[in-house]
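Notes for the one structure printed next.
The values are calculated or read from the model by the stated rules, or taken from the named source; none is laboratory data. Computed from a prediction, not measured in an experiment: that's the story for all the values here. Using ideal geometry, Cβ is built from the backbone for each residue, glycine included, and neighbour counts are taken over all protein chains shown. Just so you know, the surface numbers come from the protein's heavy atoms only, side chains and all, with ligands and any DNA or RNA stripped out. Shrake-Rupley method; radii C 1.70, N 1.55, O 1.52, S 1.80 Å.
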Amino acid sequence: MPTAAVRRVPGRLLAPEPGWTTTADVVVVGSGIAGLTAALRLRDQVDKVLVVTKDVLAAGSTQWAQGGIAAALGPEDTPEEHEVDTLVAGAGACDRDAVHVLVNEGPEAVRELIALGTKFDHDPDGELSLTREGGHHRDRIAHAGGDATGAEIQRALIAAVEQAPEIEVIQHALAVDLLLAEDGGIAGVTLHVMGEGQRDGVGAVLCRAVVLASGGLGQVFSQTTNPAVSTGDGMAVALRAGAALRDLEFVQFHPTVMYLGPDSRGQQPLISEAVRGEGAFLVDFEGNRFMQGVHELADLAPRDVVAKAITRRMLETGRAHMWLDGRHLGAEVWERRFPTILATTRSHGIDPVTELIPVSPACHYASGGVRTDLWGRCTVPGLYATGEVACSGVHGANRLASNSLLEGLVFSRRIAEVLPRELRPQQPPAPDRRVPGLVPGGVRRELQELMTSRVGVLRHADGLADAVGLLDKLAGLEADVVDQDSWETTNLVTLATALAGAAALREETRGSHWREDFPERDDARFAGHVDATATGATIGLDFVAAPATDGAR
């Protein structure tokens, strides 16, 4: 089996010793749909749940989810059809059992969201309004506020948490590292509470279990739809604690992100797939609809297909972007279905009612993450993961549109079923013998540009080798200042190193992983997963064979 190793990553972050200590039964790191669902489901089963969030409760990626949440809720839809669409989009890399769990438990989970107070959109007859997105063969996307689904779900969950005195919340707190007991299991987590100084703000929560729900690694790339808080902290702390990360190479690039010009950086405005679901289509500079003939679903093909098609046409024509044409939808559709997108595009000088929208692919979602089983358990005792930080196996090589909110919802509920029965006795942290390190925050821009140019939509052995070499040099730099920027940048360098190594190891094209030098999918060699683990200062990469999973059960 293929293996690889990349050196010089810290065993833990260089940080002051904890100046304060508190306790909890369970610490939930993250406050999106995955984290808050886990906290709400656990609150009646353990004595104390502590939610830690890096910003305010509403600041994560959930609020940015425009399209909606997918589930077989329509009268003609079935979980079996949802399962087939998910497996096809995943390009043979899904865990079939995990997908089966997702689609069968999804409808009930969404109905519970509604019971909690989430106000989804309804049609004039009072029925739940469902739409279609790329890769789906049925209308099964429930949405709220037109294109503000994530924000509405987040609102309802926060309202429920605020009414739950059993849940304590610490905002503006960065999870620095996990504390381990002598048996290698969870003993706690160190935090930095921002605004209290680099030394006084660092403390420790001693606990019996940790649920990671901290989102993805979108800030690894210079062009991304992810918020500034998405620096991969949960994945990085898990890796340093001994957990396995799986399939990091499968980074989904959303095909239609508003192009703001060659000098734009950071979070870019997403133009939801739901816009194409309502009838918008892609055109090049000559007005040609280039998705016709590329895939049976044309403009509603799975995201990797559309992103590749746009990128190919950009390369062929020498253009920096393509166009999305939604002018024929009319003002009423834009104002009713997509008020947020309409306001955003207009704020950047484009009126989609009368003008084409410039679009190009950008980093959107990490299909890989901390490896879990069907109940959210990680390879470290007492550690669980859910949502984008996790690799549950449901997304495979390419997440099906609007399955992300559903994944966090379903697997957080499953964690709450098993965690209370599995709570470890509180154990003291063992002496931490991991080698500390810290990369200077000033290299972040260089890192992001490197990853976009060498490990982005288009990948090739030469570029990947350059990336691995340059990342090794960045990892060898030592920060002069211990601060949040350096902690986050060290996390990004660590994950970028594992991601680039995994992309180099997988010598095929599959789903969102596109190798120009290996343009075909290769089930004979690469039906399976790439697992990353850390030992000392080395990240090891191992290929784990598994049968390809396409189509129906």
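Specify the longest stretch of the chain that does not include any exposed loop site, a site being one of the GluC sites (Glu not before Pro) with a non-H, G, I, E, B DSSP assignment and at most 11 other Cβ atoms within 10 Å.
Result for the longest clean stretch: 297-477.
Of G442, G382, L248, whose Cα points farthest to the positive end of the dipole of the chain (charges on the beta-carbon: +1 Lys, Arg; -1 Asp, Glu; origin at the Cα centre)?
The listed residue farthest towards the positive side: G442.
With a 1.4 Å probe and all protein chains kept in place, how much accessible area does H513 have, in Å² rounded to the nearest 10?
0 Å²
Using unit Cβ charges (K, R positive; D, E negative) and no other charged atoms, how large, in debye to the nearest 20, is the dipole of region 174-322 about its Cα centre? Mind dumping the intermediate values first?
Numbers: 12 positive and 17 negative charges, 40 e Å.
Dipole about the Cα centre, nearest 20: 200 debye.
In debye to the nearest 20, how big a dipole does region 405-553 give about its Cα centre with +1 on each Lys and Arg Cβ and -1 on each Asp and Glu Cβ? Display every interim value, and only then the final one.
Values: 17 positive and 24 negative charges, 120 e Å.
My answer is approximately 580 debye.
Cα extents of region 300-397 along the three principal axes, largest first, in whole Å?
56, 36, 22
Would you calculate the separation in nanometres between label points at E17 and L458, each defined as 7 Å from the Cα along the Cα-to-beta-carbon direction?
5.4 nm
Which of H395, A151, A331 sits farthest toward the positive end of the charge dipole of the chain, with +1 on the Cβ of Lys and Arg and -1 on the Cβ of Asp and Glu?
The Cα lying farthest towards the positive end belongs to H395.
At 1.4 Å probe size, put H364, H348, H136 in order of accessible surface, largest to smallest.
In descending accessible area the options line up as H348, H364, H136.
Report Rg(Cα)/(2.2 N^0.38 Å) for region 106-205, keeping two decimals. It would help to have the intermediate numbers written out before the result.
Values: Rg = 20.1 Å, N = 100, 2.2 N^0.38 = 12.7 Å.
Rg over 2.2 N^0.38 Å, computed on Cα atoms: 1.59.
From the phi of every residue in region 244-251, what ³J(HN,Hα) in whole Hz does the Karplus formula 6.51 cos²θ - 1.76 cosθ + 1.60 yield, where θ is phi - 60° and glycine or proline is x?
8, 9, 10, 6, 5, 5, 8, 9
Express in nm, to one decimal, how much length is gained between S264 and D97 on full extension, taking 0.36 nm for each residue of separation and deducting their alpha carbon distance.
My answer for the length gained is 56.0 nm.
What residues have an amide H closer than 5 Å to that of A91, excluding those fewer than 5 places away on the same chain, when H is modeled at 1.01 Å from N in the peptide plane?
Excluding prolines and chain starts, which carry no amide H, the hits are A397.
Quote the relative contact order of the chain in percent (integer), defining contacts as alpha-carbon pairs under 8 Å separated by 6+ residues.
Averaging sequence separation for qualifying contacts and normalising by length gives 25 percent for the chain.
Taking only the Cα atoms of region 1-130, how large is their convex hull per residue, in Å³?
Details: hull volume 27.3 nm³, N = 130.
Hull volume normalised by residue count: 210 Å³.
Report, by chain and number, residues whose modeled amide H sits under 5 Å from the one on L180, excluding near sequence neighbours (fewer than 5 apart, same chain).
Hits under the 5 Å cutoff: A187, A430.
Put a dot 7 Å past each Cα toward the Cβ at D373 and V418; how far apart are the dots in nm?
0.5 nm
So for the pair H295, E76, with labels modelled 7 Å out along Cα→Cβ, what separation do we get in nm?
2.2 nm
Take H172, project a point 7 Å from its Cα along the Cβ direction, then tell me which residues of region 21-64 have their backbone nitrogen under 14 Å from it.
Label zone hits: 53-57.
Hey, if you put +1 on the Cβ of every Lys and Arg and -1 on every Asp and Glu Cβ in region 398-503, which of G476, A430, P420 ends up farthest toward the positive end of that dipole?
Checking the options against the dipole of region 398-503, the answer is P420.
Taking 0.36 nm per intervening residue step and subtracting the Cα-Cα distance, what contour gain separates H348 from A159 on full extension? All intermediate terms of the calculation are to be shown ahead of the outcome.
Details: separation 189, 0.36 × 189 = 68.04 nm, distance 3.23 nm.
Extending this stretch completely gives an extra 64.8 nm.
Suppose R0 equals 56 Å; then what is the FRET efficiency for H137 and V481 from their Cβ-Cβ distance, rounded to the nearest 0.05?
Computed FRET efficiency for H137 and V481 comes out at 0.60.
Calculated FRET efficiency, D472 and D523, Cβ-Cβ r, R0 30 Å, to nearest 0.05?
In this case the efficiency is close to 0.45.
Looking at the calculated P(r) for the chain, what percent of the C-alpha pair distances fall above 30 Å?
More than 30 Å apart: 46 percent of the Cα pairs in the chain.
Out of region 421-476, which trypsin sites (Lys or Arg not before Pro) are coil in DSSP terms and have no more than 12 other C-beta atoms within 10 Å?
Answer in residue order: R433.
Just the Cα atoms of region 400-490, one point each, no solvent: what log10 I(q)/I(0) does Debye give at q = 0.21, 0.26 Å⁻¹?
For region 400-490 at q = 0.21, 0.26 Å⁻¹, log10 I(q)/I(0) is -0.94, -1.18.
Between A546 and R319, 0.36 nm times their residue separation minus their Cα-Cα distance comes to what?
77.8 nm
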